[in-house]
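Comments concern the structure below.
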């Protein structure tokens, strides 16, 4: 009687049952009692017991003696049994090896889609300047307005984490791009600084977590294991380069067409990204193995303390990021500096140089080493802004780009290393949610400090909190990647 393997999708319990071939598959889990058990598909065999024809194809004892079977060869080395494989462009269940080169046509199409999304979303990086110039907002108001996207992202984590690994990436990327387009249309028609700006900020925050996280999980799945750090660097760079291009276009459009023209441009870019995202092929999914079962035990079964340290460290580093990105614009305007695009030029130039020139550094040196060094370096940009002032925005932007260009992709690679491949989308959602949650808290804390004291005081506090993140990251942890493809 054959033996079948079962796994429960509700609790992750794995068990075996002997059943006749004609019996129906078991649905009820013996551990949790839910109707979520399903039969796993795996390679197997059977041996017929007893002597005679059914054993060796000979009916007589003399024939069996004269026809002894050859020595049985040693069995091959044990390996996890495959229960499911889904690959890009192949039907479910079709076996296909992942290509060993990173830059494939599908990966290029993904980068183009993310770049178009970034062109629309990056216009929201100049929201501080927009609300100060258009509506005379004070530092505390700037802090509240810039905190809203992070709050929306944190609140969306349960929903996104539940479904991001279950549906094609193009669905999430299309939805996220459309959200950004609608938010930009709202900003283009905003008549006053009222409750609507908070709604538009929340919508663009949700759009970012939908599009960026789903695309990041797809990039990780498309990458060979030894190029994971490089894949995350290139994917992040597709969005990052637009952090400079979009604000520059906005400042060029603003004198003649006003902020309305700038955000209408962003809306058009968002709609174009929606179309390109819908044309992406089905998301690549990694091979599912028996050892994956524990990571699929519910939405949060992938969590571990090693991943938690990465998440907490990312949230603390957001204080340094937000100290600069949210308050350098009102700081510059208060000092009489009107054009702020020099910061974006420096930021994008050096961030891209790091990601393309040193994109594989974590694959060679070790993901954890590079991540911890980037955490320590994140204290430099806000301190430089406090010491140099707004007349050196290119220098400050260059330092910020140098640090952030290394920090974000290596933290993303570290997070996906510490979870099962089937939970990469959820891990990235949690990481980005923690970072944006940190930006929200930072905005609420640093805005009143800047208003009550000085902008320089807010920069120093942001740097101090980010320093704690380097110590929180701790020592290196074992990777979830197979031993022969481990990069740290």
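We did not get these values from a lab; they are worked out from the coordinates using the rules stated. No experiment lies behind these values; they were computed from the predicted model shown. Methodologically, a virtual Cβ is constructed for each residue, glycine included, from the backbone with ideal geometry; neighbour enumeration extends over all protein chains shown.
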Calculate, for residue 192 and residue 257, the FRET efficiency according to 1/(1 + (r/R0)^6) with r their C-beta to C-beta distance and R0 25 Å; round to the nearest 0.05.
0.80
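What ranking do 166, 372, 196 get, fewest neighbouring Cβ atoms within 10 angstrom at the top? Don't skip to the end; give the middle numbers.
On the way: 166 7, 372 21, 196 14.
Lowest count first: 166, 196, 372.
For a Förster distance of 41 Å, can you work out the FRET efficiency between the beta-carbons of residue 268 and residue 305, rounded to the nearest 0.05?
Details: r = 45 Å, r/R0 = 1.10.
After rounding to 0.05, the efficiency reads 0.35.
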Using a simple spin-label model with points 7 Å from Cα along the Cα→Cβ vector, what separation in nm is obtained for residue 166 and residue 38?
1.1 nm
Please sort 234-245, 323-334, 15-26 by packing, taking for each peptide the average over its residues of neighbouring beta carbons within 10 angstrom, highest first.
323-334, 234-245, 15-26
Can you figure out the FRET efficiency of residue 135 with residue 339, using R₀ = 22 Å and their beta-carbon distance, to the nearest 0.05?
0.65
Label point at residue 456 placed 7 Å out along Cα→Cβ; residues across the stretch 365-381 whose backbone nitrogen lies under 20 Å
379-381
